[in-house]
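Nothing in this text is a laboratory measurement; each read-out follows from the coordinates by a stated rule. Fair warning: this is a prediction, and the values are worked out from it, not measured in the lab. Cβ: placed from backbone, ideal geometry, glycine included. Neighbour counts: every protein chain shown.
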Amino acid sequence: MSDDEFRALAEEQSALRRVAMLVAHGVPPGEVFAAVTEEVARLFSVVYAGLGRYQPDGTVTAVAGSGKRGDEIRVGQRFELGGRNINTLVFETGRAARIDSYGGTSGPLSAVARQYELGSGVGTPVIVEGRLWGLMGIYTTLEEPLPADAEVRLASFTELLATAIANAESRAALAQLAEEQAALRRVATLVARGVPPEEVFAAVIEEVGRLLPVDLANMCRYEPDGTITFVATWGKGSERFPVGSRWPLGGENLGTLVFETGRPVRIDSYADASGPLSATARGRGLRSAVATPIIVDGHLWGMMGAGTSLEEPLPPDIEPRLASLTELVAMAIGNAESRAELQASRARIVAAGDEIRRQIERDLHDGSQQQLVSLMLELRAAEATEQCEQCELQVHLERTQQGLAGVLDALRETARGIHPVILSKAGLGPAFKALARRSALPVELDLRAERRLPEPVEVAAYYVVSEALTNATKHAQASVVTVELDAQDSILQLVIRDDGLGGADPAQGSGLVGLADRIEALGGHLEINSPAGRGTSLSIEIPVESPNLA
Amino acid sequence: MPSLSGATETGPATRVAVADDDVLLREGLASLFDRSGFEVVGQAGDGTELLNLVRSTRPELAVIDIRMPPRHSTEGLEAAQVIRQELPDTAIVLLSAHIEVEEAMELLAGGERLGYLLKSRVTDVAEFIGTIRTIVAGGSVVDPSLVQELVRARRRRDPLDALSPREREVLALMAEGASNAGIAERIFVSEGTVEKHVRSILIKLDLPESGSDHRRVLAVLRFLEAR
């Protein structure tokens, strides 16, 4: 081996070692690409060493380049494959290719080669995990033919490149997976916490925008009138569709296609898209986009779409990634819908119960009581016709009437317990005063509620105070009960405190469990605080402007 | 023993209109009044009928059920207010299945010759007729059950604690609408003794001295409700 040959080999080995170090250190592929083309251009003393990546659409993109012509071929530039040239030969055969004279070449790329005065060239494929990723090419001018072993020597570099790319890809895939899992977990936590769907929508669309290589993301709901409403959007500035805006379906666009097929949809070019939605999308610079259906309890609820303004189509794995987030959204909507239904049905059950109580109260007062009074009047009339003060019949009649009077009193008390007429007539203030008067314990009232509230709210508040007074009297050995009511804002707040024994256990059967149900049915909640020896306090909050009351 | 007769010793029988949607009860009431020496000028089943009846017959007394058709809410009360406006001399007795303090005060604010009673009171005929006569004569009467509830209500710092048991008894009768003479009769003491009790109560509770029995009822009720 000559000194020159030895020196060349040593140089090549050290160049390979430098590249290998970069790969081992996991530097970003872009840096490795630039370093490799630079090393290769110097080592082979060529006018151009370039790295190209094959694209699915039959083009090749320049990803790095070095040498005298390195500045002329811009990174990111795309070239059509076809004809007889290095790029196309490597693409077609998957093997190294050589062209010693560009005289007989053809196709768009050979025109470029001639433009840059390239004479001969060698290309070797970059094969990443069995698939053809791209090629590394070296080119000379006509005067400088490439050595015979160029392919073999170049292959050592492309192998290193393939390793670097594979590493970077798996790292990226891992990172992407981890990020997606984290995003899914964040959204799932929101869903599990039962936050309002609008919050989930906003969070999801934010994650979609962050996770996927898109400029624009939308979540839409299909309306019964054949329109679509944007419920959440993500994007840069004015590119966004306004939340809450409605659009008619129709034409060739994501919203309409998902609606018609109920399946994921992809549009790789908005040039052919049609309908009002796509016109606006095009106006916002959208080039390619995908959408997946949001299916709630088996019916198509809406869709989630994401798009880019880049020329390059969205990667093929974008649909499944979008779909996994869409599933969470569907779950959130399903949960919220069943929760709302449950809430409404509880409210209906309570309201139906109240209506029955009102009916019973009326029946007792206007029916049974009235009949008893009539019967007693009959007895009085009978009495008046018999003018014997001492006779047996008179005594019986008198006793019967006394008994009936007792029944009447009992009946009145029962009716009052079933439904407090004063509450429907005059509201919480007078009703609480009446409860306080009838309580065996002194009751101090602090009432800030002049206005009338929805009936279910008033009834719930009334029963809570009634039950609390009963408990304080029966069990707490209290000396006074205070009742504070504040219903000036959109939430009714009621606090009932006694100074008794405390230690009340709401699980011990008391009527409080039923009351808690009643209050929760209205979207409110009841809290019991009863430390031993320090009295019992009940705090209640009920939203007054609850949609379920309508 | 008060006279059970609706007629005064010298004048003709008191003319009464009866309104209740329950026919059986209405008939019972009418027959009761009839037996007690009143002249029943007619019966009505709802507020409109009552107004027509009262306008055409001008009775001295209207006995009215509060809950009547069509809403079964406070139709009787509303009719009573119209009668009070159009024919203020007509004595009005409202009968109700239950008695509320707010309603009582609202009613009493409308003037004298008013009664607000539980429906079941009619079964104690002697007492009921006595009460009716008090009202026709210009008094105002509130159902004892309401007054009892107000007097018995417990307060932490209760001004009523300053009253003797006898004074409490007198206060309750004042609230029901009894005159001093009426109270004397009920608790078997002289009218002079009742006057002394009443003065003492008014001073202890810081209540205004008032000439008419009606205003006295209203003042005491207000005090009891607000205390």
| task | Consider just the alpha-carbon atoms of region A:64-122 and return their Rg together with their Dmax, both in angstrom. | result | 11.2, 29
| field | chain A: antiparallel DSSP beta bridges as a percent of all, rounded to 5 | value | 90
| Relative contact order [Cα under 8 Å, 6+ residues apart], region A:1-94, whole percent | 18
| remark: Ratio for region A:382-488, C-alpha Rg to 2.2 N^0.38 Å, reads 1.58
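GluC sites (Glu not before Pro), restricted to region A:375-448: which are DSSP loop and have at most 11 other Cβ atoms within 10 Å?
Counting only loop positions with at most 11 other Cβ atoms within 10 Å, the GluC sites (Glu not before Pro) in region A:375-448 are A:GLU386, A:GLU389.
Magnitude of the Cβ-charge dipole of chain B, K/R +1 and D/E -1, about the Cα centre, nearest 20 debye?
Approximately 740 debye in magnitude.
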| query | Can you tell me the Rg and Dmax of region A:400-550, counting just the alpha carbons, in angstroms? | reply | 16.1, 54
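Under the classification rounded if a/c is under 1.5, otherwise prolate if a/b is larger than b/c and oblate if not, where does region A:1-160 fall, given a ≥ b ≥ c as square roots of the Cα gyration tensor eigenvalues?
oblate
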| Which listed residue (A:GLN402, A:GLN13, A:VAL126) has the Cα farthest towards the positive end of the charge dipole for chain A, taking +1 on Lys and Arg C-beta and -1 on Asp and Glu C-beta about the Cα centre? | A:GLN13
| field | Relative contact order of region B:74-148, pairs being alpha-carbon contacts under 8 Å that are 6 or more residues apart, as % | value | 32
| field | Label point distance in nm, A:ARG193-B:THR193, each placed 7 Å from Cα along Cα→Cβ | value | 7.6
| For region A:241-363, fraction of C-alpha pairs farther apart than 16 Å, in % | 69
| message | Give me the net charge for the shell around B:THR134: Cβ to Cβ below 15 angstrom, other residues only, Lys and Arg +1, Asp and Glu -1. | response | -3
| field | All lysines inside 25 Å of B:LYS204 as judged from Cα atoms, apart from same-chain residues fewer than 8 positions distant | value | A:LYS433, B:LYS196
| Helix-only CD estimate at 222 nm, as mean residue ellipticity for chain A, using -39500 (n - 2.57) per DSSP H run (n ≥ 4) | -16500 deg cm²/dmol
| Which of the GluC sites (Glu not before Pro) across region A:113-154 are loop residues per DSSP, with 15 or fewer other Cβ within 10 Å? | A:GLU117, A:GLU129, A:GLU143
| remark: Once the dipole of chain A is set up from charges on Cβ (+1 Lys and Arg, -1 Asp and Glu), the residue from the list A:SER374, A:ILE318, A:LEU447 lying farthest towards its positive end is A:ILE318
| request: Using all C-alpha to C-alpha distances in region A:43-85, build P(r) with 5 Å bins and read off the rounded percent in each one. | output: 6, 23, 26, 23, 16, 6, 1
| message | I need the semi-axes of the equivalent ellipsoid of region A:385-447: take the C-alpha gyration tensor, multiply each eigenvalue by 5, square-root it, list largest first in whole angstrom. | response | 40, 13, 9
| What does the helix-only formula give at 222 nm for chain B: each DSSP H stretch with n ≥ 4 adding -39500 (n - 2.57), the total divided by the residues, and the result rounded to the nearest 500 deg cm²/dmol? | -15500 deg cm²/dmol
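For region B:105-189, take N as its residue count and report Rg(C-alpha) divided by 2.2 N^0.38 Å. Please report the intermediate quantities before stating the final value.
On the way: Rg = 13.6 Å, N = 85, 2.2 N^0.38 = 11.9 Å.
Taking the Cα Rg and dividing by 2.2 N^0.38 Å, one obtains 1.15.
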| Computed over the Cα atoms of region B:9-111, what is the convex hull's projected area averaged over all directions, in nm²? | 6.7
| request: Consider all pairwise Cα distances in region A:230-275 and report the whole-number % of them above 11 Å. | output: 71
| Inter-part distance where region B:36-76 and region A:84-139 are each reduced to a Cα centre, Å | 111
| note | Rounded to whole angstroms and listed largest first, the alpha-carbon spread of the protein assembly as shown along its three principal axes comes to 155, 58, 47
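Tell me, what is the Rg over Rh of region A:77-220, with Rh the Kirkwood radius over Cα pairs?
Details: Rg = 23.5 Å, Rh = 18.8 Å.
My calculation puts Rg/Rh at 1.25.
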| query | Short version: what are the Cα gyration tensor semi-axes of region B:76-119, square root of 5 times each eigenvalue, largest first, in whole Å? | reply | 17, 10, 9
| note | In Å, the Kirkwood hydrodynamic radius from C-alpha pairs for region A:284-420 sits at 22.0
| Which whole-number percent is the relative contact order of chain A (Cα, under 8 Å, 6+ apart)? | 7
| Charged-residue dipole, Cβ positions (Lys, Arg, Asp, Glu), the protein assembly as shown about Cα centre, Debye nearest 20 | 920
| field | Cα convex hull volume per residue for chain B (Å³) | value | 121
| note | FRET efficiency (A:GLN115, A:SER338; Cβ distance; R0 51 Å; to 0.05) is 0.15
| query | Using a cut-off of 21 Å between alpha-carbon atoms, which lysines can reach B:LYS119, once sequence neighbours fewer than 8 places away in the same chain are excluded? | reply | A:LYS425
| said: Using all alpha carbons of region A:167-240, what is the percent of pairwise distances in each 10 Å bin, ordered from the shortest bin to the longest? | reply: 18, 38, 31, 11, 2, 0
